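Structure record follows, encoded as structure tokens.
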């Protein structure tokens, strides 16, 4: 959810990248393309839309879907420009707003109603945005290690406007730095994303196959998007699954980390925040059985 600050702008950027970067092997066979979204559908029953994080492939949710698809229909999305999915033409439209609108249009086109949204990291932010913008679409929401306003991790008094200069500086740096430096810096921030070191080569490969311009624009959007107040209008019951164990060495505790989540989700009326004991940022890999149990029970509850 956060990482140690190393000082200066580089340390702050490391926090943002560490929170957002989420990668895994894509399995795009039999996938439909909808407005740049790769979509794979599995299972039968009530619809569940899975939204992965920055640079992530849809297959990051493969095991989560497998635990649900006997009773639910999984719609596994992969955002354009991430993990080998072709990037879309550069637009003036804010990245998160653009993706929100595409996902909502997909659901409308497929006539999906009362869906469950499950989002990880950046995908969690999108899930909150969709639930707030289209309250009749979302019946339930599951957020996996994501916050309403990432920039407030360092400074709870930060605002969208106050973060714009720093966010623009970060985006310019990412767009203009040599490719070798971009990949080296990105790889450094993959460390500690999962408690299984064997995932790292896969993470590094998918960093290389994500479009850097798309990534830079997505990170800018995340840094200036503050949902702490807007989530007050979300009607859908929401479960938030948080991670803290990766940051124990930096002084974090389960209680102190949960306090950050609680403060940021204070305006969301129907929220249930639960913390993993052992998982790192990729909770659906690192604490799979616990995550699958929490989600299954949450979906089964009336």
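The values are calculated or read from the model by the stated rules, or taken from the named source; none is laboratory data. No experiment lies behind these values; they were computed from the predicted model shown. Note that we place each Cβ from the backbone using ideal geometry, even for glycine, and neighbour counts take in every protein chain shown.
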Review point. Looking at the stretch 107-115, is at least one residue modelled with pLDDT of 95 or more, touching a helix residue (DSSP H, G or I) at 6+ places or on another chain (Cβ under 6 Å) and not in a strand (DSSP E or B)?
Key: no
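Conditions (1) assigned to a helix (DSSP H, G or I); (2) surrounded by 19 or more Cβ atoms within 10 Å (Cβ to Cβ); (3) in contact (Cβ under 8 Å) with a residue 12 or more places away in the chain, marked per residue:
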{"residue": "232", "(1), (2), (3)": "yes, no, yes"}
{"residue": "235", "(1), (2), (3)": "no, no, yes"}
{"residue": "241", "(1), (2), (3)": "no, yes, yes"}
{"residue": "246", "(1), (2), (3)": "yes, yes, yes"}
{"residue": "257", "(1), (2), (3)": "yes, yes, yes"}
{"residue": "272", "(1), (2), (3)": "no, no, yes"}
Exercise for review: State whether one or more residues within the stretch 24-43 are closer than 26 Å to residue 192 by Cα, modelled with pLDDT under 50, touching a helix residue (DSSP H, G or I) at 6+ places or on another chain (Cβ under 7 Å) and buried (at least 21 other Cβ atoms within 10 Å of the Cβ).
Suggested key: yes
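Does the stretch 154-161 contain any residue that is closer than 30 Å to residue 298 by Cβ and in contact with a helix residue (DSSP H, G or I) (Cβ under 8 Å, 6 or more places away or on another chain)?
yes
Looking only at residues in the stretch 72-87 that are part of a loop (DSSP other than H, G, I, E, B) and touching a helix residue (DSSP H, G or I) at 6+ places or on another chain (Cβ under 8 Å), which one is nearest to residue 143 (Cα to Cα)?
To start, the set of residues in the stretch 72-87 that are part of a loop (DSSP other than H, G, I, E, B) comprises 79-87.
In the following step, the residues that additionally are touching a helix residue (DSSP H, G or I) at 6+ places or on another chain (Cβ under 8 Å) were identified as 79-84, 87.
Working: 79: 17, 80: 21, 81: 22, 82: 20, 83: 21, 84: 24, 87: 25 Å.
Ranking the qualifying residues of the stretch 72-87, first place goes to 79.
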Revision key, fill the gap. From the option list 166, 124, single residue qualifying as surrounded by 14 or more Cβ atoms within 10 Å (Cβ to Cβ) and more than 16 Å from residue 282 (Cβ to Cβ) is 166
Exercise for review: Sort through 199, 102 and tell me the only one that's within 24 Å of residue 293 (Cβ to Cβ) and in contact (Cβ under 8 Å) with a residue 60 or more places away in the chain.
Suggested key: 199
Exercise for review: Return only the number of the condition from (1) under 29 Å from residue 47 (Cβ atoms); (2) in contact with a helix residue (DSSP H, G or I) (Cβ under 8 Å, 6 or more places away or on another chain); (3) crowded, with 19+ Cβ neighbours inside 10 Å that residue 224 does not satisfy.
Suggested key: (1)
Review point. If you go through the stretch 119-142 one residue at a time, do you hit one that is assigned to a loop (DSSP other than H, G, I, E, B) and under 16 Å from residue 96 (Cα atoms)?
Key: yes
Revision key, fill the gap. Of (1) modelled with pLDDT of 95 or more; (2) buried (at least 21 other Cβ atoms within 10 Å of the Cβ); (3) closer than 20 Å to residue 205 by Cβ; (4) in contact with a helix residue (DSSP H, G or I) (Cβ under 6 Å, 6 or more places away or on another chain), residue 50 satisfies every one except (3)
Exercise for review: Report yes if some residue within the stretch 281-299 is touching a helix residue (DSSP H, G or I) at 6+ places or on another chain (Cβ under 6 Å), over 24 Å from residue 148 (Cβ atoms) and either modelled with pLDDT of 95 or more or in a helix (DSSP H, G or I) (or both); otherwise report no.
Suggested key: yes
